[in-house]
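Working notes, beginning with the structure itself.
Laboratory data are not the source of any read-out in this text; all were calculated from the coordinates shown. These numbers come from a predicted model, not from an experiment. A quick note on method: Cβ atoms are made from the backbone with ideal geometry, for glycine too, and the neighbour counts reach across all protein chains shown.
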């Protein structure tokens, strides 16, 4: 029986996250790590699947044991991996982070000489499935190099702004050798929703004041602009004049890196359910807060009942089967925030 179109298809980055199992310790002193599926596009797909959505991801891994691990993880999380293919010449990327709660989480990306997820070719795309998906979610990282850039823009062209087409600005300056503004403009013209933090908005449209950034994003094409402001909450502005400004959910932050991807998966659920803008933002904020209170990204993504509980004002639940994490005391801040 044909299950019908996917609720969410994401396209973009995947890799292996190696997170220290001791917090507030410099990377050179860490002696134990947890291994997790990572990458923004993969994490959003996992977040959506945890909330009951039928999801898939379009990406590529190395033809190596880490690639096999990522396939297994996607399947275990309930994400369709049929469009995840190997690239023989490039290894699966690895990302390390340092964890200095509450707001300093430096990232170290190992994606050289090139990441396999940037080797997505236009002719490999299942454009029928992408066009039929209720939500198509693409990321700024997928625009930073060819052939992924052309493939991503081809997917947007085929979507032709049908359904919900989300551009996660996902600005990672270390991946770019050029100003992204022109490329981002082409992607924004094909999106119906734009999501980004203040740094990402500034890179995309030259504005970081939240209302100015939202106006600039809407002027570039989308119907809905979602501006994430970290401790100041989130601002969402729709072209029809509807807006919502929602404060963050107070939590004891362990690792803020996965919060944006949890927010994304929950945002997809709210948009697909047709919720009012403020309800959708509060729900997405709740999902992000839950993950910020946990160490990992993918495995920390919350289930629907957990998000419902926090969105209703209840306590943040502990993570199921959480890895053991040792707090090593308070270290001097590095002053290098990730901003996600």
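Data for the structure
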quantity: Percent of beta bridges antiparallel (DSSP, the stretch 1-123, rounded to nearest 5); calculated: 45
quantity: Pairwise centroid distance, computed over Cα atoms, of the stretch 163-208 with the stretch 1-30, Å; calculated: 21
quantity: Bins of 10 Å from zero: percent of alpha-carbon pairs in the stretch 82-220; calculated: 11, 37, 35, 15, 1
quantity: Sorted by Cβ density within 10 Å, fewest first, the residues 137, 83, 171; calculated: 83, 171, 137
quantity: Most fluctuating residue given options 59, 92, 150, as computed from a GNM of the chain linking Cα atoms under 10 Å; calculated: 150
quantity: Distant alpha-carbon pairs in the stretch 40-140 (separation over 21 angstrom), percent; calculated: 40
quantity: Part-to-part distance (alpha-carbon centres) for the stretch 51-119 and the stretch 223-250, which is given in Å; calculated: 29
quantity: The chain: most fluctuating residue of 180, 247, 65 per GNM, C-alpha cutoff 10 Å; calculated: 65
quantity: Spin-label pair residue 252/residue 185, simplified geometry with 7 Å Cα→Cβ offset, distance in nm; calculated: 4.9
quantity: Kirkwood hydrodynamic radius of the stretch 204-298, from inverse mean 1/r over distinct Cα pairs, in Å; calculated: 13.6
quantity: Within the chain, helix-based [θ] at 222 nm, where runs of 4 or more DSSP H residues each add -39,500 (n - 2.57), nearest 500; calculated: -9500 deg cm²/dmol
quantity: Simple label model, 7 Å out from Cα along Cβ direction - residue 176 to residue 94, nm; calculated: 2.8
quantity: Candidates 232, 220, 191, ranked by Gaussian network fluctuation over the chain, Cα under 10 Å, top entry; calculated: 232
quantity: Residue exposure sequence - 32, 148 - by fewest surrounding Cβ within 10 Å; calculated: 32, 148
quantity: Antiparallel DSSP beta bridges within the stretch 8-327, percent to nearest 5; calculated: 40
